[in-house]
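Participant: Can you read through this structure? Questions will come right after.
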Amino acid sequence: MTTLAGGLSGGEVAGLIVAVFWGVLVCFIGYVLVKLGKVVGETGKLVAGVTDQTVPLLGEVTTSVVHINTELERVDAITANVQTISTNVSALTGVFAATLGSPLIKVAAFSYGVRRAINEKNEADVRKRVKSEMKAEKKARKAAPKKAAQ
């Protein structure tokens, strides 16, 4: 057996190193476990706080959903009434168009035709007058040099 300077053999030094290593490892694991215990404790407090606040919040949400459902039922009733009114207005419009629409269209078409015929007659009269005036002016221009020559 070989002894080192302090009177320890090589196996004893190796055993001492291993013992120190295990001591450091046990201290490190103990430190990690203490920190992990604190984290678990804080997490438990957080979960308890969330639970304490979530339960009343869920009760409020349930109340809100009940009120919203009541309002939606009212909106459904209003929508049904509006749909009924729309159907009635559509039917009334159809009846109006069938009973009064056709005669009104005929009256409008007749009055348009009368106005157009009157306008065309007036235009024809104006054309005749303009044509006769132009002929008279032309005759007057031709007659003017003949009178001056005489």
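The values are calculated or read from the model by the stated rules, or taken from the named source; none is laboratory data. Nothing here was measured: the structure is a model prediction, and the numbers come from that model. In this analysis, Cβ positions are derived from the backbone assuming ideal geometry, glycine residues included, and neighbour counts consider all displayed protein chains. Only protein heavy atoms, including side chains, enter the accessible area calculation; ligands, DNA and RNA are left aside. Shrake-Rupley method; radii C 1.70, N 1.55, O 1.52, S 1.80 Å.
Participant: Determine which member of the set Ala98, Ala91 is surrounded by 10 or more Cβ atoms within 10 Å (Cβ to Cβ) and in a helix (DSSP H, G or I).
Facilitator: Details: Ala98 fails: surrounded by 10 or more Cβ atoms within 10 Å (Cβ to Cβ).
Exactly one of Ala98, Ala91 is surrounded by 10 or more Cβ atoms within 10 Å (Cβ to Cβ) and in a helix (DSSP H, G or I), namely Ala91.
Participant: While we're on this one: What residue, of Ala48, Ala14, Ala77, is of a type in the set (A, V, I, L, M, F, W, C), in a helix (DSSP H, G or I) and more than 43 Å from the chain's Cα centre (by Cα)? Show your work before the answer.
Facilitator: On the way: Ala48 fails: more than 43 Å from the chain's Cα centre (by Cα); Ala77 fails: more than 43 Å from the chain's Cα centre (by Cα).
Of the residues listed, the single one that is of a type in the set (A, V, I, L, M, F, W, C), in a helix (DSSP H, G or I) and more than 43 Å from the chain's Cα centre (by Cα) is Ala14.
Participant: Just to be sure before I move on: is Lys147 assigned to a helix (DSSP H, G or I), at pLDDT 80 or above, open to solvent by 80 Å² or more (accessible area, probe 1.4 Å) and of a type in the set (Lys, Arg) in the structure I sent?
Facilitator: Working: assigned to a helix (DSSP H, G or I): yes; at pLDDT 80 or above: no; open to solvent by 80 Å² or more (accessible area, probe 1.4 Å): yes; of a type in the set (Lys, Arg): yes.
So Lys147 does not fit the description; no.
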